[in-house]
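Working notes, structure below.
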Amino acid sequence: MNYGAIGVTIGHEITHGFDDEGSQYDKDGKLRMWWQPEDWVRFREKGQCIIDQYGNFTDELAGMKLNGINTQGENVADNGGLKESYRSLGNVLSRSPLLMIIPTFLNCFIGSSSSLGMAMSAEMGQFL
Ligand SMILES: [Zn+2]
């Protein structure tokens, strides 16, 4: 399982069900307010954090700031997907710590583009 690619992608799509648009649909797919009022207020506050964070990113080439409101759903899904995938990886590794060694070992021999693999390859190259 590649948690950095497919894990994040699956998590991204699942999180869309809880972004600024998906959150407005109930379990049956009907557009209706199903949140407790205090939960909805908290959800909106957290959404504003995402809007503010991404609204401060500047595309240097275009010389423009990102519109955090327009991209909120995708930004929430990206953050959620990464978090869910990372949590899943941590869950698997906590049950099978030996799995941590195998990818690192393989990266050294197959020339993976991972930073660890590249660092190990560069270090090994000094001795050749
Ligand atoms: Zn998306």
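List of remarks:
- Close pairs (6 angstrom Cβ cut-off, 6 or more residues apart or separate chains): assigned by TED's automatic domain parsing to the domain that holds I50 and among the aliphatic types (A, V, I, L, M) in the range 62-84, more than 13 Å from the ligand (Cβ to nearest atom) and in a helix (DSSP H, G or I) anywhere: L66/Y54; I69/I51; V76/I50
- Residues in the range 25-46 include none that are in contact (Cβ under 8 Å) with a residue 24 or more places away in the chain and under 18 Å from K83 (Cα atoms).
- Each residue in the range 35-69 was checked for being touching a Phe, Trp or Tyr at 6+ places or on another chain (Cβ under 8 Å) and within 15 Å of D20 (Cα to Cα), and 3 of them qualify.
- The range 1-55 - residue that is small (G, A, S) and within 16 Å of the ligand (Cβ to nearest atom) and, of those, surrounded by the fewest Cβ atoms within 10 Å (Cβ to Cβ): A5
- Residues of the range 70-98 classified as closer than 22 Å to H16 by Cα, part of a loop (DSSP other than H, G, I, E, B) and more than 16 Å from the ligand (Cβ to nearest atom), total: 0
The values are calculated or read from the model by the stated rules, or taken from the named source; none is laboratory data. Just so you know, these numbers come straight off a predicted model, no measurement behind them. A quick note on method: Cβ atoms are made from the backbone with ideal geometry, for glycine too, and the neighbour counts reach across all protein chains shown.
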